[in-house]
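Computed from the coordinates by the stated procedures, all read-outs in this text should not be read as laboratory data. From a predicted model like this one, the values you see are computed outputs, not experimental measurements. Cβ: placed from backbone, ideal geometry, glycine included. Neighbour counts: every protein chain shown.
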Amino acid sequence: MTVVSSVAVSMTNGCTVCHVHIVILGCGRVGSLLAGWIDEQGHSVSVIDQETSAFRKLGSTFSGTTVKGVGFDRETLEAAGIDRAHAFAAVSSGDNSNILAARVARETYGVQHVVARIYDPQRAAVYQRLGIPTVATVSWTASQIMKAVLPTGASVEYTDPTGTMNLAEVPLSEKWLGRNSRELEIETGAKIAFITRYGSAELPTGSHVLQESDTVHMLFHPDQRTAIEEICLTRKSGVGSPGSMDGGVSS
């Protein structure tokens with residue numbers, strides 16, 4: 001294992017709540033594209049690949065870290081900063097390497113946000129059920145992994161024609177896991193439209209308990225966005241906003 005380069009990153013953009021460190025395995029088309037996007041947003045990023053020549057794809061403006069080595073090797077992962085990583089993305093050309101590295105990142109180092117690129121759809125379905133998100137195809141893969149690894153705040157999926165209502169995918173901090181979905185609505189003042197769990201959409205009930213695999217889609221006024229992000233990502237209570245949806249959308 002060889003550390004090729006390491007440059008300090010000044011983090012000035014990205015999420016409204018926090019900046020993070022991301023480790024990427026594989027510096028092919030997807031890995032280099034993903035690393036460039038993350039670097040441009042001001043986050044810290046390390047890229048692992050077995051071939052030094054692969055790092056040329058990152059370009060001269062890349063300010064992150066590159067590490068030559070095997071992606072599931074502990075020494076390599078630690079050189080890439082896995083022990084402080086917010087997320088790990090395994091996007092090398094090998095299914096076995098990707099899934100093994102993803103499992104090491106999650107099970108050995110406790111990385112909460114892990115995603116793997118798997119070419120075999122049958123195997124991808126198995127790992128999806130085990131709680132490891134899997135993706136495919138270059139442009140779609142890179143955009144989906146960005147959503148999986150970066151705390152980008154609320155990702156707006158739809159805005160009504162009057163501009164007074166957003167439907168957005170909102171990430172949750174682990175502090176919300178095991179809590180009732182109704183508690184989330186009360187604290188944010190927003191309405192949960194639906195929850196995606198293991199690839200299936202579900203309408204929340206009063207007894208719906210939030211789980212690690214859940215993707216929460218919420219309805220709220222655009223002015224509430226920053227406050228809702230803070231509550232969902234840090235669990236800071238009480239939006240108290242005049243634009244609260246209590247009374248605006250029926251339960």
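Below, the figures for the structure above:
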{"item": "Fewest-first sequence of Asp49, Asp39, Asp214 by Cβ atoms within 10 Å of each Cβ", "result": "Asp214, Asp39, Asp49"}
{"item": "Segment Arg123-Arg74, extension gain: residue separation times 0.36 nm, minus the distance between their alpha carbons", "result": "15.2 nm"}
{"item": "Rg [Å, one decimal], Dmax [Å, integer] - segment 155-234, C-alpha atoms", "result": "11.9, 36"}
{"item": "Ranked Ile186, Ile24, Ile99, criterion: other C-beta atoms within 10 Å, fewest first", "result": "Ile186, Ile99, Ile24"}
{"item": "Cα-based reach from Lys57 at 18 Å (exclusive), listing aspartates and glutamates while leaving out same-chain residues under 8 positions away", "result": "Asp39, Glu40, Asp49"}
{"item": "Theoretical FRET efficiency, 1/(1+(r/R0)^6), r = Cβ-Cβ of Ile186 and Glu212, R0 22 Å, to 0.05", "result": "0.55"}
{"item": "Potential lengthening between Thr108 and Ser200 on full extension [0.36 nm per residue; Cα-Cα distance subtracted]", "result": "30.2 nm"}
